[in-house]
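What follows is calculated from the coordinates using simple rules that are stated; it is not laboratory data. Keep in mind that what you see is a predicted model, and the values were worked out from it rather than measured. All Cβ positions, glycine included, derive from the backbone under ideal geometry; neighbour counts span all protein chains shown.
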Amino acid sequence: MTTTAPAEKAGSTPTGSPQKRTVLLVFAGLMVTMLLASLDQTIFSTALPTIVGELHGVDHMLWVTTAYILASTIMLPVYGKLGDLIGRKGLFIGAITVFILGSIIGGFAGDMTWLIIGRAVQGLGGGGLMILSQAIIADVVPARERGRYMGIMGGVFALSSVAGPLLGGWFTDVIGWRWGLWMNIPLGILAIISAAAFLRLPKNTAGRPRLDWAGMGLLAIASTCLVLVTTWGGTTYDWDSPVILSLIVGTVVTAIAFVLVERRAAEPVMPLALFKDRNFNLTTVAGLIIGVAMFGALAYLPTYLQMVTGVNATQAGLLMIPMMAALLVVSIVTGQLVSRTGRYKWLPIAGTAVVAVSLLLLSTMTPSLPIWLMCTYLAIMGIGLGASMQILVLIVQNSFPVSKVGTATASNNYFRQIGASIGSAIVGSLFVAKLTDLLAARMPAGATASAGGSNSFTPALVKGLPAPVRDIIVGAYNDALTPVFLYMVPLVLVAVVVLCFVKEKPLATTIERDAVPTNLESDGSPSRALAAADGTDTNDTDTDDTDTDLESTTPDTADGSDGGDGRERELLPR
């Protein structure tokens with residue numbers, strides 16, 4: 001059984017812990033970047049109905065969200081692996097720069113095509129902002145202490161999720177929705193300055209990396225084909241059309257080819273060895289399902305609130321506050337709780353169950369439902385998300401040494417983002433298809449054309465229509481969206497069951513690279529710790545179901561580490 005040396009308190013490392021002030025400065029810089037990325041995910045939620053109305057593209061509405069998520073999803077494993085190989089600081093600054101470029105393109109967009117292109121470029125940079133922020137925290141803070149920091153990260157996401165819809169609504173109502181993109185320029189510059197000034201990260205000592213270009217390309221193709229299937233299937237094309245069938249075949253073929261390539265790659269972008277760890281697999285499945293439910297629901301709730309309740313964009317943002325306030329408080333409290341007690345398994349189980357309850361409640365909404373009751377349903381969802389999202393990331397990071405933590409975190413987030421892409425696309429496809437059918441069936445002959453066509457409906461336009469026509473449109477929006485929430489309840493319950501099988505491994509109290517004297521052997525070849533990064537290390541601990549909860553099965557080494565993944569662990573009380 002391994003123990004922590006007496007001189008090493010929780011959160012310290014054998015070579016001496018970083019000064020608290022330094023960690024806080026690094027953390028402050030990461031918060032600016034988290035604010036930048038999370039604002040961009042939410043600021044369009046309240047502005048979207050007006051944007052697509054002005055640019056005459058309601059039928060392309062889901063691509064404003066999907067383009068960003070798809071691009072960022074493709075880049076997640078790339079940023080994670082490159083960060084492990086070459087270091088994270090330069091990569092971090094580069095990702096922010098690309099994000100700013102995409103904001104400029106979208107801000108000057110004259111039609112939906114250029115807006116979607118700008119969002120895609122933003123996604124190429126945005127994929128690095130979140131994942132590198134999470135990995136950088138793992139570079140400087142041990143897992144046992146990381147809970148409090150990741151809880152605050154979740155809180156920042158919640159705060160920006162409140163500020164995003166409010167700013168998006170205010171921009172839309174007062175100075176124009178394009179400022180939702182242009183505001184990223186000064187924020188991005190501030191984030192770059194902060195990163196350049198405060199980030200002091202370990203430099204790469206493994207020599208020139210061998211990049212997995214084939215794996216990256218195949219992963220991008222498979223991800224794109226999958227999202228296009230869910231986006232176009234049943235709406236733009238029939239499910240049995242040659243286009244959809246070809247995309248399904250393309251997804252399967254490229255996914256198989258990707259696995260084959262990863263088995264032979266020197267530095268695989270997504271090492272197959274990750275999938276030997278039970279906790280990684282379980283939290284990845286749960287994260288994918290939460291991504292489907294969360295992004296599928298949140299992407300269209302502000303649109304629902306504007307169209308059904310008649311509030312403007314700013315008021316719709318205000319109505320999202322109960323959910324985000326609950327997420328903020330619960331995320332911070334649970335992060336502190338995990339750091340103090342070391343116990344964490346029950347939190348994502350309970351949180352995911354609460355998300356299922358909230359979706360069930362949202363499916364019962366009607367146009368006559370009191371607004372305060374809608375806000376209560378949203379607050380319940382915030383409680384569930386706050387108790388689960390950041391803890392799932394912590395569980396993954398605690399399963400691997402720091403030499404693999406960027407890749408592991410990125411791979412886990414990749415599948416959650418795949419869930420987000422699929423969720424947004426499926427919910428958007430079902431919503432738009434059902435809405436179109438309901439409007440066609442319910443609207444009087446010629447009424448849609450006289451109102452400018454369903455593609456040009458905006459909240460302001462609908463509010464000014466005669467009451468009989470307005471009631472038909474409001475009812476169609478309600479009846480098109482609320483059943484989708486009910487469809488997601490059984491899926492989320494599957495995630496609850498899956499998380500019950502997570503093994504509560506002790507949270508590491510040291511950072512792996514500090515416990516291992518060097519990353520290279522005396523002859524300059526990669527050490528076993530580096531070999532583990534590409535899946536060739538066969539001595540990883542805690543990768544099957546036969547290991548014990550609280551004891552290492554490998555002999556202690558002379559330096560007091562557990563000899564398996566190079567980290568020391570603090571034992572949890574029985």
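Fewest to most neighbouring Cβ within 10 Å: what's the order for 119, 278? So the ranking, lowest neighbour count to highest, is 278, 119. Taking 0.36 nm per residue of separation and subtracting the Cα-Cα distance, full extension of the segment from residue 504 to residue 108 would add 137.6 nm. Computed from the C-beta positions of residue 245 and residue 433, the FRET efficiency with R₀ = 22 Å rounds to 0.70. Pairs exceeding 25 Å between alpha-carbon atoms, taken from 276/505; 89/345; 81/276: 89/345. Here the peptides 120-128, 213-221, 31-39 are ranked by packing, the mean other Cβ count within 10 Å, and the order with the highest first is 120-128, 31-39, 213-221. The magnitude of the dipole of segment 185-341, with charges of +1 and -1 set on the Cβ of Lys/Arg and Asp/Glu and taken from the Cα centre, is near 740 debye.
If r is the Cβ-Cβ distance from residue 185 to residue 494 and R0 is 56 Å, what FRET efficiency results, to the nearest 0.05?
So the FRET efficiency works out to roughly 0.85.
Each of the peptides 471-480, 136-145 was scored by the mean count of other Cβ atoms within 10 Å over its residues; in descending order, highest first, they stand as 136-145, 471-480. Using the Cβ-Cβ distance between residue 266 and residue 486 with R0 set to 35 Å, the FRET efficiency from 1/(1 + (r/R0)^6) comes to roughly 0.15.
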